[in-house]
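The values are calculated or read from the model by the stated rules, or taken from the named source; none is laboratory data. Everything numeric in this text was worked out from a predicted model, so none of it was measured. Reconstructed Cβ throughout: ideal geometry from the backbone, glycine too, with neighbour counts over all protein chains shown. Calculation scope for accessible area: heavy atoms of the full protein, side chains included, ligands and nucleic acids excluded. Shrake-Rupley method; radii C 1.70, N 1.55, O 1.52, S 1.80 Å.
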Amino acid sequence: MKPASQIPPSALVLGLAGLLPFLACGLSQWTDIPLLPPADGLRFGMAYGAVILSFLGGIRWGTGLSTPEESGQQFEFAFSVVSSLMGWVSLLLSPLLGLALLIAGFLLQSLWDVLSVERGRLPQWFGRLRMLLTVGAVLSLAAILVRLVIS
């Protein structure tokens, strides 16, 4: 039996694979990547960020389904949609503001997830995985943002 803190291999592999589009879009701003010019890397990175942020909100909707008390369930359901809304609004803003909103959304979602792990609402390994994946996503989006600012 594996320890509760050990990230399941499938979750780790799939999570890291999910970082590849972020990394490619971030790198596209700083180096020549065939088939991914910087303008496309910006658009694709923001769109992918919005989709993944929405996915993370969906995870929290799922935790709401297993919340026994009604007030806690209402909280989980209500705030689970905030990530989707942040992702969607980020696509309506200027790229500078949209990237900043995505970064803030990922950081806030990660904080919520880690606090939920500490409260025993999510498995211990999930907090470690979320921190790892958040660092990769935020650094990639930050690379796009920095390039946008200095260009």
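The combined condition, being more than 17 Å from LEU102 (Cβ to Cβ) and out of contact with any helix residue (DSSP H, G or I) (no Cβ under 8 Å at 6 or more places or on another chain), is fulfilled by PRO34.
Being within 26 Å of GLN6 (Cβ to Cβ), surrounded by 16 or more Cβ atoms within 10 Å (Cβ to Cβ) and modelled with pLDDT of 95 or more is a property that ARG147 lacks. If you filter the stretch 30-53 down to residues that are in contact (Cβ under 8 Å) with a residue 60 or more places away in the chain and over 19 Å from the mean Cα position of the chain (by Cα), you find that the one that is nearest to LEU93 (Cα to Cα) is PRO38. Of all the criteria given as (1) over 14 Å from LEU141 (Cα atoms); (2) among the hydroxyl-bearing types (Ser, Thr, Tyr); (3) in contact (Cβ under 8 Å) with a residue 24 or more places away in the chain, the one not satisfied by SER10 is (3).
Checking LEU27, LEU56, LEU20 one by one, the residue that is in contact (Cβ under 8 Å) with a residue 12 or more places away in the chain and under 15 Å from SER140 (Cα atoms) is LEU27 and no other.
For the stretch 24-47, state whether one or more residues are open to solvent by less than 20 Å² (accessible area, probe 1.4 Å), under 25 Å from VAL117 (Cβ atoms) and at pLDDT 95 or above. No: zero hits.
Within the stretch 65-107, the only residue that satisfies the criterion of being closer than 21 Å to GLY120 by Cβ, crowded, with 16+ Cβ neighbours inside 10 Å and hydrophobic (A, V, I, L, M, F, W, C) is PHE79.
Any idea which of PRO68, PRO34 is outside any helix (DSSP H, G or I) and over 25 Å from LEU145 (Cβ atoms)?
PRO68
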